[in-house]
């Protein structure tokens, strides 16, 4: 017999810390991806993130991490975490916070802050409401729906309850939790269980639905669609066919209703189609049903041609969106989830008979023949993008701020939602150049960014894409210029200044950091190069020398600037 051995004491379960408890709660709330940049002040929380159940992406710049998180959230329809260190780590993310709010993403920012004992003592990267600004980052308002500083572990549970409530908002939710260094690893033994908040989604009274159904059925309406309606595409199409309505959409709403449908008029706003104004001027509707758009400047330029004769019926889950863009036009404001509202209308009106659905219009053929010499005309580039990327794949496509999203919105045509992204409202350069990495990683599939050379040099996460093998494709409009600025100056009567850029070899740059790509100098080279780029795995750049002489469809933007007081340079 073996001599008896003393029984070892059972191993105690590790006590949760604020960091591990918060990461566990975020996972319960649906977070699967975390983007950020590590620093000493956020190290305890970053350790919990990196050793937890979240897919952790350690990027090169906090703004890039924020833009990547926005697109990951929108692509996956899940909340996403962004982590930053103190001081410049937090302030670098501020532009991304604002963009997340404007674009309707669900993003939770967690940053480090200085411990209470060291505040006011010139601590390294001192970060607190006193040094950074309470109203900008530590209190709700502006970019943030919710913000707080966790000074004691007991504050974490109510903060998680606020996050759970906010994440039910269909129009997006942006929050910021500030964690002092000492609080990050403080014991927090109480388990956090997120409550079910699904019943908080707003709905509409039956009497209101009945009244609106009668108004819309009495005369052929116009339906104005925005990005907020993208999850209700099916019932919206049935409603359009039931009412024999005409449809227009915002730049971000492309694809919510098929753009090749006979009832589709076109896109409003920046890069949109002036034919929409002409058609509505000739045949003005009594009522316009507005679903999921705020009708702001980049969607409408506040044009009177887009207004109805009687009233808007404006539906949005956010009451702050209602009656703002056109305050002088009567508006029936409805706070409701758009899909539920449309389904309720259909229940009153009755579904359309199967035979009433109009067939799709035939696809438009190519309008331009390829040239053998000279730079690539943007119009031809977007015809090829339509053929190879839009029609030939299911890739997610983003257009960068500037001429890229004017050309994209005007020329690309989508039949389904959820594949086209522009950030026309906040319009940050660098959003698409970095956001494409988040979209590719969240989708686990190809994502494409159409960007200018100026934006690509301002910020990109190409190196991060190499590290995580993201199937991201950058199609770069290389004209060695801030071309939208230069062209706008000419329209205003100014001689362009400070717009020229040294030409960059983006393929060489990509290969230097482990990516790959191809340069396109002529239109004859473009189609085959796009096809190769689509099937390439990992990060890839397509460096396209574009013809800078072609005028983009941005005239309304220039006109709006003039109306707002931009002084012409003409004598």
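The values are calculated or read from the model by the stated rules, or taken from the named source; none is laboratory data. Predicted, not measured: the structure shown is a model, and the values here were computed from it. Every residue, glycine as well, gets a Cβ built from its backbone with ideal geometry; the counts of neighbours run over all protein chains shown.
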remark   = Within the stretch 322-338, residues assigned to a strand (DSSP E or B) and free of Cβ contacts under 8 Å to residues at least 40 places away in the same chain come out as 331, 333
remark   = Note on the stretch 129-163: residues assigned to a loop (DSSP other than H, G, I, E, B) and in contact (Cβ under 8 Å) with a residue 40 or more places away in the chain are 142, 143, 145, 150
task = Among the residues of the stretch 20-70, count how many are part of a helix (DSSP H, G or I) and over 18 Å from the mean Cα position of the chain (by Cα).
result = 20
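Show me the strands (runs of 3 or more DSSP E) found entirely inside the stretch 457-545 where at least 2 residues are surrounded by fewer than 18 Cβ atoms within 10 Å (Cβ to Cβ). If you could, list the steps in order and put the result at the bottom.
Numbers: elements: 472-478, 516-520, 540-545.
Qualifying strands (runs of 3 or more DSSP E): 516-520.
Please tell me if residue 437 is under 18 Å from the mean Cα position of the chain (by Cα) and not in a helix (DSSP H, G or I).
Values: under 18 Å from the mean Cα position of the chain (by Cα): yes; not in a helix (DSSP H, G or I): no.
So residue 437 does not fit the description; no.
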note = The number of residues in the stretch 89-103 that are surrounded by fewer than 24 Cβ atoms within 10 Å (Cβ to Cβ) and farther than 21 Å from residue 151 by Cα is 6
key: Test result for residue 86, part of a loop (DSSP other than H, G, I, E, B), touching a helix residue (DSSP H, G or I) at 6+ places or on another chain (Cβ under 6 Å) and either modelled with pLDDT of 95 or more or surrounded by 24 or more Cβ atoms within 10 Å (Cβ to Cβ) (or both)   = yes
task = Hey, can you tell me all the residues within the stretch 137-156 that are more than 20 Å from residue 19 (Cα to Cα) and either outside the structural domain of residue 180 (by TED's automatic domain parsing) or in contact with a helix residue (DSSP H, G or I) (Cβ under 6 Å, 6 or more places away or on another chain) (or both)?
result = 143, 145
message = Criterion first (under 12 Å from residue 75 (Cα atoms), at pLDDT 95 or above, in the same structural domain as residue 405 (by TED's automatic domain parsing) and under 17 Å from the mean Cα position of the chain (by Cα)) does residue 442 satisfy it?
response = yes
